[in-house]
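Have a look at the structure below before the remarks.
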């Protein structure tokens, strides 16, 4: 039997066994877990709150939930997607916030490499566990080779398995009836006869009587089993053989392992890693003096004045304690900082405005390159371009352009940073007229992973310029952008608010808007948990028109005739239209999400979305600031650009749906994330168009790269290997499945 055939057999058996196994183990596990494995785990694996754990072969999540109960942050994986789904469903809201689940085949080096290149893999784990699964894995070499890189220095690899001497198909159990010569009474003596040990082919068996499918077992003599990990550089510092006690005997099942109390049922091993990534590397123990000598900008470490402020993000849930925050003054200092981080293998994140709710602009225990000091703005009125630093906010660009009677395609809220917005595509009020931000990108200054500072444009590094426009966060640090600007007059814009009973009429207007807009208008509508001057949830509409108040009111007359409770739309300078949504409290936890939808909208469907949304936010008491919006930014200009002209694939005859949840208490994190996934899943079932269609800037959680990049994914992966082969830039939506 070939290794590939063996592995397929393992996967298929666990698909069949998943439901039965999950039901059998339930929340508390069986006697093996309760009496042998869990007590040993508690003895040999010290867990401190906040430690990082990787649980391999998680099954229905017993070990992962145990880690979470101790305050650990856990990545739980299994080779069976069905088992991962079962484990996910078993997690309580509190546990779910500490555990991220993923499918992982540890026999595949490329799958382990993806994990290593993900955020948790780059940071390293304090402990990796593999509970009762080594005998189920056809080859241990890829896992053993990966462990020194997965584990932090002095990290623990803990594994349990059926004892490789006594519990194999080469060992036969026997029960012998013996006479007590003193009393003449009979009693049973149990033992094992080991017939095969050095060499034993894989065999079929069952872990627990009653399971629906056989599974494959792989025997390894002790020298092979332990030697695999020794050769990888791990050092064993503890080994235990685990026995059942006499009180555990099951007389009605003479063959039960619990009856063989003189023979160990399980072997537990603890290895240490003395060569991995240290949470506090030698580069970090000197307060980064070498880095301070290289960079003249601001360098902040824990305890420094300004350090805590530098960690602030738009979502309080996205704040992570970096080991060091670097605020360089120019591209040259960014280059030196990157060189230092890569030389010392320090995982890093880049922050422009810190608006991402995914946490992609934060680094837990690593480095943050904060671009806020690279914030110059230069408008060339004659050429109608604007050049600005990667650390700018959109308010700076809007105001500088307005001084010359110009504007460019910016965000609809001006307190966001420019970097992530542009590189992810960039949509705003002017998109119907001028397209996406990336469609107006003339050129960019980019610091690559190897420290080179290059220009990307239609004339220079054209392949990099292609990749930047839609997937740029995966390719470098952009320290300067140049965008086209256009003459811009005053606009009519602002909120129009309705009571919820007006949903059918507002949906009818939305369909009318789709058919009748001229490219000078943009429109949002949706449900907001609360709005100024109103009680409870409302319909929030945002209107926009290039033109005067009279022109705006004339175009939006069908909407205004529905009977709003508040009309706050008015004529204003263009920059003011992007300043209508306040920045609000930085201490609030936020989560964004996105999907798309096609026209015409169905009032019954929109009503169902609104009902579910209102029931959730009201039930959790998080209506203030939470909203879900159907965004109608006419797409004719966007789809006039071929789908393969840039890396951005989300060009089609559809609009985008956006959700935003705001809450205060960490205990609600899991509930909010689960509900958002359900809500977006409902939208995606109706609206996904294939070949992309996912506006990645809206997603506060990792999305599959085929959704984020569609048919451009293969080309992007080739360019990633060219420009960032070591995956230094991995924090945003990854080009590889399973990374984050």
At the level of C-alpha centres, the distance separating the range 388-404 and the range 459-514, in angstrom, is 16 Å
A correct Stokes-Einstein calculation for the range 318-439, using the alpha-carbon Kirkwood radius, 4 °C and 1.567 mPa s, returns a whole-number D in µm² s⁻¹ of 84 µm²/s
Note on the chain: contact order normalised by length, alpha-carbon pairs under 8 Å, 6 or more apart, percent, works out to 11 percent
With Rh as the Kirkwood radius over Cα pairs, the range 96-142 has Rg/Rh of 0.97
Counting every C-alpha pair in the range 75-229, the percent lying more than 24 Å apart is 48 percent
Rounded to 0.05, the calculated FRET efficiency for the beta carbons of residue 677 and residue 714 at R₀ = 22 Å is 0.20
Using eta = 0.692 mPa s and T = 37 °C, Stokes-Einstein with Kirkwood Rh from Cα pairs puts D for the range 483-534, in µm² s⁻¹, at 240 µm²/s
The rounded separation in angstrom of the Cα centers of the range 61-120 and the range 410-447 is 36 Å
Rounded to whole angstroms and listed largest first, the alpha-carbon spread of the range 491-712 along its three principal axes comes to 45, 45, 34
Length gained if residue 375 through residue 197 is fully extended, taking 0.36 nm per residue and subtracting the Cα-Cα distance, is 57.2 nm
Descending packing, highest mean Cβ count within 10 Å first, for 358-364, 209-215 is 358-364, 209-215
Checked the range 559-637 against the a/c 1.5 cut and the a/b vs b/c comparison, axes a ≥ b ≥ c from its Cα gyration tensor; verdict rounded
Binned at 10 Å starting from 0, the alpha-carbon pair-distance distribution of the range 428-491 in whole percents comes out as 20, 49, 22, 8, 1
For the range 482-599, inverting the pair-averaged 1/r of distinct alpha-carbon atoms gives a Kirkwood value in Å of 15.7 Å
Here the residues of the range 475-503 lying in the modelled label zone of residue 640, meaning backbone nitrogen under 17 Å from a point 7 Å along Cα-to-Cβ, are 484-488
So the FRET efficiency between residue 550 and residue 512, C-beta based with R0 = 22 Å and rounded to 0.05, is 0.65
Taking R0 as 45 Å and r as the Cβ-Cβ distance between residue 499 and residue 666, the FRET efficiency 1/(1 + (r/R0)^6), rounded to the nearest 0.05, comes to 0.85
Log entry: pair-distance distribution for the chain, C-alpha pairs binned every 20 Å from zero, whole % per bin is 16, 44, 29, 10, 2, 0
Sorted on mean Cβ neighbours within 10 Å (highest first), peptides 141-151, 646-656 come out as 646-656, 141-151
For the range 401-535, Rg(Cα) over 2.2 N^0.38 Å is 1.32
Asserting the computed 222 nm helical MRE of the chain (DSSP H runs at least 4 long, -39500 (n - 2.57) per run, divided by residue count, to nearest 500) equals -9000 deg cm²/dmol
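No value in this document is a laboratory result; all are computed from the given coordinates. The structure presented is a predicted model; accordingly, all values stated were derived computationally and were not measured. We place every Cβ from the backbone using ideal geometry, glycine too, and count neighbours over all the protein chains shown.
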